[in-house]
1. Where in the stretch 58-148 are there helices (runs of 4 or more DSSP H), lying wholly inside it, with at least 3 residues that are over 30 Å from S159 (Cα atoms)?
2. List the pairs whose first member sits in the stretch 89-102 and is within 14 Å of G60 (Cβ to Cβ) and open to solvent by 50 Å² or more (accessible area, probe 1.4 Å), whose second member is at pLDDT 90 or above and not in a helix (DSSP H, G or I), and whose Cβ atoms are under 6 Å apart, counting only residues at least 6 apart or on separate chains?
3. Which pairs do you get when a residue that is farther than 22 Å from N140 by Cα, found in the stretch 63-79, comes within reach of a residue that is open to solvent by 20 Å² or more (accessible area, probe 1.4 Å) and outside any loop (DSSP other than H, G, I, E, B), reach meaning Cβ atoms under 6 angstrom, with the pair 6+ apart or on two chains?
4. List pairs: first in the stretch 153-169 and closer than 15 Å to E19 by Cα, second among the acidic types (D, E) and in a helix (DSSP H, G or I), Cβ under 7 Å, 6+ apart or cross-chain?
5. Output the residue which, of all residues in the stretch 114-149 that are open to solvent by less than 30 Å² (accessible area, probe 1.4 Å) and aliphatic (A, V, I, L, M), is modelled with the lowest pLDDT.
Amino acid sequence: MDELNNDKNKKNENEILGEINMFFDFLMREKKPVFIFSDVSLPLVVLLSKKPVNYFCGAGINEICITPKGDIYPCQLFIGKSDFCIGNLFEEGNTLDLKLENFRNFISKYTFKNNYNKCNTCISSWWCRQCIGSEYIKFNRLVNFNEDFCNIQNKITLSVLEKLSKILLDPELFRRFYENIKSFQFEEYNY
């Protein structure tokens, strides 16, 4: 069984490295590229925007989902789960504001990376993300520190930084990278 898991992780790692290579190849084309936002591009986006991602997920912190009846949830994956209904749009303003603030405080305990010692020393913590909605649906928990997940995040980080360092050392590659990347408004991205 361990052998099967190792093969699966190796395949995932190879697929991830392939995606990173494809992303950088696409980004370095002579024709002006279209930027594709993904888990592979996120480390670069965060680095260039100078805005680290402090939360695993923005659900209930910087994003919400509102149903047609006005019920407010942290994201669409929590709709119908009464424990995660923050309030209703039609409630009195002060009551709703208090409920939103209380929910942000509650969810921050789980999603704020500084609350976890492991994240404070991790090379990937400045961009790493986890979907708390899918984690809750699949496993009835909000955050998972699965070693495989962390290893993949670290592999992505190191691979992106390695690719970027090679670009920085080659004047022609850097010129092309800079010309292609300067048109993107990274500071406008919110995570």
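The values are calculated or read from the model by the stated rules, or taken from the named source; none is laboratory data. Keep in mind it's a predicted model, so treat the numbers as computed, not measured. So basically every Cβ, Gly included, is an ideal-geometry build from the backbone, and we count neighbours across all protein chains shown. Accessible surface areas use protein heavy atoms only, side chains included; no ligands, DNA or RNA. Shrake-Rupley method; radii C 1.70, N 1.55, O 1.52, S 1.80 Å.
1. Per the criteria, 93-111.
2. K99/I86; K99/G87
3. G70/N88
4. Once the first residue is closer than 15 Å to E19 by Cα and sits in the stretch 153-169, its partners that are among the acidic types (D, E) and in a helix (DSSP H, G or I) give K155/E13.
5. Among those residues, the one meeting the criterion is V143.
Here is a yes/no grid of residues against (1) among the hydrophobic types (A, V, I, L, M, F, W, C); (2) open to solvent by less than 80 Å² (accessible area, probe 1.4 Å); (3) under 30 Å from E179 (Cα atoms); (4) modelled with pLDDT of 85 or more:
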site	(1), (2), (3), (4)
N9	no, yes, no, no
I16	yes, yes, yes, no
S41	no, yes, yes, no
V45	yes, yes, yes, no
G60	no, yes, no, yes
T67	no, yes, no, yes
Y73	no, yes, no, yes
K81	no, yes, no, yes
K109	no, no, no, yes
